Amino acid sequence: MKIIHNWCGGEFLEASAVFVGTIIGVGIFGLPYIASKAGFGIMIVYFFVLTILVIVIHLLLAEVSRNTDKIARIPGYAEEYLGKGWGKFSLIVSSSGLIGALLAYIILGGKFLTWYFAPYFGGGELVYTLLYFAFGSYLIYKGIKGIAKTELIMVLTFMLVLLLFFSRGLPFLRLENLFTFDPHYLVLPYGAVLFSLWGLSLVPQVKEMTGGEKKKLRLIISSGIALTGIFYILFILIILGVSGPKTSLDAFSGFALTVGDKIAPLGFVFGILTTFTSFIALGLSLKKTFQYDLKMTEKASWFIACFSPLLLYFLGNKNFLEVISLTGAVMLGIEAIIVIFIYKKFFEKKFQKKAPLWIYPLASFFLIGLISYIFSPILFK
């Protein structure tokens, strides 16, 4: 009975909830709009390829984390295996990626909170954005135990909300909305899809929660990312299938035009839950990065982790789709390459032989994706 509890409940369930709840975040809401531009079929191809590659990258880091005594995040492992210079570079990349993600959550989370509560209580977007930020920052300050329980409740809640949302929109679905393709937007999905599947910063955290047990860690990572990919495809299918050319950047505005305004509040609740769970978990991960890798105090780590994205928000960065696409294609792409070479050095040190050759085409894929995105004229209107 104890074994069943460990695998089906308790720490395993909480670790899975933290991992999946963090991945399913703000990225989900921009995906239907991107699919309306590039095509549903192209999105399926992107998800199929990137889901496999993202799982591989996460498993590589999991193997390094399991077999390294040092308590660290990606920058700490980079310093351990690649040297101090790479450690500093990795810290910049990882921190920028997490700050970009937190910024996206603040942007859209504040909007969803405004759309849901402003009709009842009044107030502007800034007020609700600050409330969203304040509550999330408080949970980040409290630490992983409180967040794990919050994640578990919220993951279950927004899955129920999505089920209701799906059943409401199904009668309005039109298959012809799914059969579109525009080669001009071929590169458009890359950064956003990569961002939406990414949970690399949570791998060391999940390792801590599972006690570093290999089978548990691998199962949480592989099943969590794969199920998230399926979850996204279903979400894109219902939103794009119903909205068609009316598909909006936030997913719900265009959807409500077809099925009726009464569905909008349900969508806003869904948006609040999905963005909020990811905000607190990634905020905690960034806090621990500063704490472990820069040896900063807990309070200083928390302050910088939470208030850096808020500062960017006040500086005018408020287009969440541009934020997640740039963060995904550039920062997360570079982070993937760093992890690959961390694993290379780890493998050679542990097994005293050359690393497998497949790591080089794997790294090349993310490099090509990064270059293609940078030189592609991608516009979000």
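Worth a mention:
- Between 0 and 90°, nearest 10: helix 359-374 axis offset from the chain longest Cα axis: 40 degrees
- Label-to-label distance for Ser376 and Lys215 is 4.1 nm, based on points extended 7 Å past Cα in the beta-carbon direction.
- Ranking Ile52, Val26, Val64 by Cα position along the charge dipole of the range 16-108, where only Lys, Arg, Asp and Glu carry charges on their C-beta atoms, puts Val26 farthest toward the positive end.
- Stretchable slack from Glu208 to Phe135, in nm (0.36 nm times residue separation minus alpha-carbon distance): 23.8 nm
- Listed peptides 366-377, 84-95 by packing density, highest first (mean Cβ within 10 Å): 84-95, 366-377
- Available extension along the chain between Val127 and Arg66 is 17.7 nm, counting 0.36 nm per residue and deducting the alpha carbon span.
- Taking a straight line from the alpha carbon of Lys215, these aspartates and glutamates sit under 17 Å away, with near neighbours fewer than eight places off in the same chain left out: Glu11, Glu14, Glu63.
- The value of relative contact order for the chain, using C-alpha pairs under 8 Å at least six residues apart, is 35 percent.
- Extension reserve of the Glu298-Ile230 stretch, reckoned as 0.36 nm per residue once the Cα distance is removed: 20.8 nm
- Annotation: peptides 230-238, 191-199, 104-112, 216-224, ranked by per-residue average of other Cβ atoms within 10 Å with the highest first, follow the order 191-199, 104-112, 216-224, 230-238.
- Reach of Lys246 by Cα under 18 Å, taken over aspartates and glutamates that are not fewer than 8 positions away in the same chain: Glu176, Asp182, Asp261
- The simple Förster model, with R0 at 22 Å and r as the Cβ-Cβ distance, assigns Lys84 and Lys350 a FRET efficiency of 0.55.
- Among Phe121, Leu219, Pro377 the positive-end extreme of the charge dipole of the chain (Cβ point charges): Leu219
- Descending by average beta-carbon neighbour count within 10 Å, the peptides 331-337, 356-362 line up as 331-337, 356-362, the highest first.
- The magnitude of the dipole of the range 230-329, with charges of +1 and -1 set on the Cβ of Lys/Arg and Asp/Glu and taken from the Cα centre, is near 180 debye.
- Taking 32 Å as the limit for the C-alpha separation, the pairs Lys216/Lys287; Lys214/Lys287; Lys111/Lys299; Lys111/Lys344; Lys295/Lys344; Lys318/Lys345 exceed it in the case of Lys111/Lys344; Lys318/Lys345.
- Using alpha-carbon coordinates, inclination of helix 333-351 to the longest axis of the chain, degrees: 30 degrees
- Gap separating the Cα centres of the range 76-106 and the range 260-320, nearest whole Å: 16 Å
- Extreme residue, positive dipole direction of the chain, given options Leu200, Ile324, Ala251 (C-beta unit charges): Leu200
- Net charge over other residues, Cβ less than 12 angstrom from the Cβ of Trp302 (K, R count +1; D, E count -1): +3
- Point-charge dipole on Cβ atoms (K/R +1, D/E -1) for the chain, about Cα centre, debye to 20: 820 debye
- Ellipticity estimate at 222 nm from DSSP helix runs (n ≥ 4, -39,500 (n - 2.57)) divided over the chain, nearest 500: -26000 deg cm²/dmol
Since every read-out is calculated from the coordinates, none of them should be taken as a lab result. Just so you know, these numbers come straight off a predicted model, no measurement behind them. Note that each Cβ is placed from the backbone with ideal geometry, even for glycine, and that neighbours are counted across all protein chains shown.
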